[in-house]
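Following: one structure in structure tokens, then a few remarks.
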Amino acid sequence: IQRNWNADWESSYDPIFINKEVAIRATFHESITSAAHNIIIVPKMSFGTGHHATTRMMMEFISEINCNNKSVLDYGCGTGVLAIYSAYKGANHIDAIDIDEWCVENTLENIELNKAANIKVLQGDLDIISNNKYDIILANINLYILLKQMPVFYNILNSNGEIFASGILNTDVETLQKSGESVGFTMQITKRIENWCALQFIKK
């Protein structure tokens, strides 16, 4: 069931901070000058406000890595918050894709709101970008889709490329690790918040 996330957002939303570097806020909040970056998100009916543990861990990963002059895929972009942050961190080409029309429209709106550059938004699945190559893949989805797409992720990553995967429970880590290693990835870092996990894989 689609619901109006705006109503939930405005009734209970406080700005959040990621590693003291980025603040995610709404249009009705004042600019937060203590953060290096402010990202304004109007969620509409999309997932990705930064409040959920899975999105927060992905944002933490982006804050910790070098995106400068990198090509990035935001797979299952939701609100576009990960793509926007990657742009702020210096990525020179970002593809933000989602199968959901609401998410595509919302991502386009949030990109414009944040004046983020170098982001191309596409509706569809990995087949629409299968000829592209990336240095970084951001995949905040779920275990089933991650397992299914691991071979494709490997093929579209450049050598020494990284994939950051979230949307999985602690109990799923071993399953996803085995899947990634079976196609050639090496698992590097695991983040955990409560029952949720995010993983980094490297293509050697």
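Return the single residue from Asp125, Asp98, Asp135 with maximal mean-square fluctuation; model: Gaussian network over the chain, springs between Cα atoms under 10 Å.
Maximum among the listed residues: Asp125.
Counting only protein heavy atoms and a 1.4 Å probe, tell me what percentage of the stretch 61-190's accessible area is made up of carbon and sulfur.
On the way: 2560 of 5520 Å².
The value for the stretch 61-190 is 46 percent carbon and sulfur by accessible area.
Lysines within cross-link reach of Lys89: Cα-Cα under 24 Å, excluding same-chain residues under 8 positions apart?
Lys20, Lys70, Lys115, Lys120, Lys133, Lys191, Lys203, Lys204
Could you tell me which label, among (i) 12; (ii) 24; (iii) 31, carries the value of percent of Cα pairs over 31 Å apart calculated for this structure?
(i)
Any idea of the accessible area per residue across the chain, 1.4 Å probe, to the nearest Å²? List each step's numbers first, then the result.
Values: 9400 Å² over 204 residues.
Ligands and nucleic acids excluded, the figure is 46 Å² per residue.
Cα to Cα, under 19 Å, and not fewer than 8 places away if on the same chain: which aspartates and glutamates meet these conditions relative to Lys148?
Correct list for Lys148: Asp74, Asp98, Asp100, Asp125, Asp127, Glu162, Asp172, Glu174, Glu181.
Taking the Cα atoms only, what angle lies between the long axis of helix 173-183 and the longest principal axis of the chain, rounded to 10 degrees?
50
Would you compute, from DSSP H runs of 4+ residues alone, the mean residue ellipticity of the chain at 222 nm, taking -39500 (n - 2.57) per run and dividing by the full residue count, rounded to the nearest 500?
On the way: 6 runs with 67 residues, N = 204.
Mean residue ellipticity at 222 nm (helix-derived): -10000 deg cm²/dmol.
7 Å from Cα along Cα→Cβ at both Ala26 and Ser130: what's the point-to-point distance in nm?
Result for the modelled spin labels: 4.2 nm.
Where the Cα atoms of the stretch 101-204 are projected onto their three principal axes, how long is each span, largest first, in whole Å?
38, 34, 20
Charges only on Cβ, +1 for Lys and Arg, -1 for Asp and Glu: so what's the dipole of the stretch 45-204 about the Cα centre, in debye to the nearest 20? Intermediate results must be reported in sequence, preceding the final value.
Numbers: 12 positive and 18 negative charges, 112 e Å.
Here the stretch 45-204 has a charge dipole of around 540 debye.
The values are calculated or read from the model by the stated rules, or taken from the named source; none is laboratory data. These figures come from a predicted structure and were not determined experimentally. Note: ideal-geometry Cβ built from the backbone for every residue, glycine included; neighbour counts use all protein chains shown. When the accessible area is computed, the model is the full protein with side chains, heavy atoms only, and any ligands, DNA or RNA have been set aside. Shrake-Rupley method; radii C 1.70, N 1.55, O 1.52, S 1.80 Å.
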